[in-house]
Every structure is written in C-alpha cells, then in structure tokens.
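Asker: Quick one: this structure, given as structure tokens, is what I'll be asking you about.
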Amino acid sequence: MAPAKKSAATSTSAAKKSAAKKSGAAKATTKTTAKTPAKTAGRKSSSVGLTAEERAAMKEYAAERKRASGGGDKKAAERQALFDKIAELAPDERALAERLHAIVTEVAPDLDPRTWYGMPAYARDGKVVFFLQPASKFGARYATLGFNDAARLDDGAMWPTAYALTEPTEKDFDRIAELITRAVG
C-alpha cells in the first residue's frame, strides 16, 4: 500500500510543478548547500560549476556546430577556422600547432582539419580522431595531444589516449607521426 501512496504523491507533486510552470509562478525547489573550499579551489564560480575557460569552449563548440550545419563549402570553412585558431595562439603554441599540421599533411592527408571545442583537431568522416589542447586553453602547464575513440590506437586491454607536450624534440615529433599513422591506420 505504501508504494501506491508514494506514486500518488509523486504524481500530485509533478502536477503541481507543471501547473506552477504554466502559470509562470514556478519557484525554486532545489536545496542549496555551501561548497567546500576543496571542491571550488582553482575554479571561477559559475551557476553550473564550469570555469570561464570551460564555458568559452562550450560556446566555441556551439559555433563549430552552427558552421558545420550551414551551407556552402563546410570543409573549407572548418579548415579556415583551424588556421584562424592556430594564428590566435601564443608563438610557442602556434609553432607546435603548425608543426602538428605539417605532420598530419604528410602522414594522414585524408584527415579533415577543423576545430573541436576551439582546439585544433583532425577528423575522419565527421568524427574527431585527435586534437591539440594548447596549455593556455585551460591554464595547464603543458599542451596535450589527445586521441578520441575514432583513433585506432588499441593495444591490448589498456593504452594511452593523451600525451603531454612541453618542448617536443625531433624524436618526439617522429613519435607523434607514428601515433597519427597508427590512429588512422
């Protein structure tokens, strides 16, 4: 009998909320609690718990989706967006992104250059295979070369999908070329 009462109470509560929304008299029913300093340390507060950088990335992603759904030559627009984003980077990050683009052009020319959440990225069939997250994007101490699930890097039951880049050497760039070749293989 108790479950029936709970069900009735739940549906009555839902009906009241629905009626309140329709009448424009909806009131907040969420309980607010103070966040502990450990949970908010290093974050700029926002109503949804995202940092300013994360909100900016979401806005960039929305613009990317709008650009992709628009008319015209979408691939050319996405390629130009990538070049524009690279041009905005700090000189050391720009050099890294340009070198990465040169590697992609050489070892995986079939990938489509684009941006992904405002970061340089390369896709196949509309799915991002890998991306470069500049250190400045989220205030990190290193850039990240990240691979999504479209990358074919599988190696047993566990394998890395992201690599930290500080000051890559020629040997590191050779390894990046190998990773990209495997990823698209």
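What follows draws every value from the coordinates through simple rules; no lab data is involved. If you're wondering where the values come from, they're calculated on a predicted model, not measured in any experiment. Cβ coordinates were reconstructed from backbone atoms using ideal geometry, including for glycine residues, and neighbour counts include every protein chain displayed.
Asker: Could you list Leu50, Leu96, Leu111 so that the one with the fewest beta carbons within 10 Å of its beta carbon is first and the one with the most is last?
Answerer: Leu50, Leu111, Leu96
Asker: Which trypsin sites (Lys or Arg not before Pro) from segment 68-169 combine a DSSP loop assignment with at most 15 other Cβ atoms within 10 Å?
Answerer: Here the trypsin sites (Lys or Arg not before Pro) that fit, given the DSSP loop and packing criteria, are Arg141, Arg152.
Asker: Which of the pairs Lys66/Lys127; Lys75/Lys137; Lys75/Lys127; Lys74/Lys137; Lys74/Lys127 have their Cα atoms more than 22 Å apart in this structure?
Answerer: Table pairs above 22 Å Cα-Cα are Lys75/Lys137; Lys74/Lys137.
Asker: How would segment 63-185 be classified by its alpha-carbon gyration tensor: rounded, prolate or oblate, with rounded meaning a/c under 1.5 and the a/b versus b/c comparison settling the rest?
Answerer: oblate
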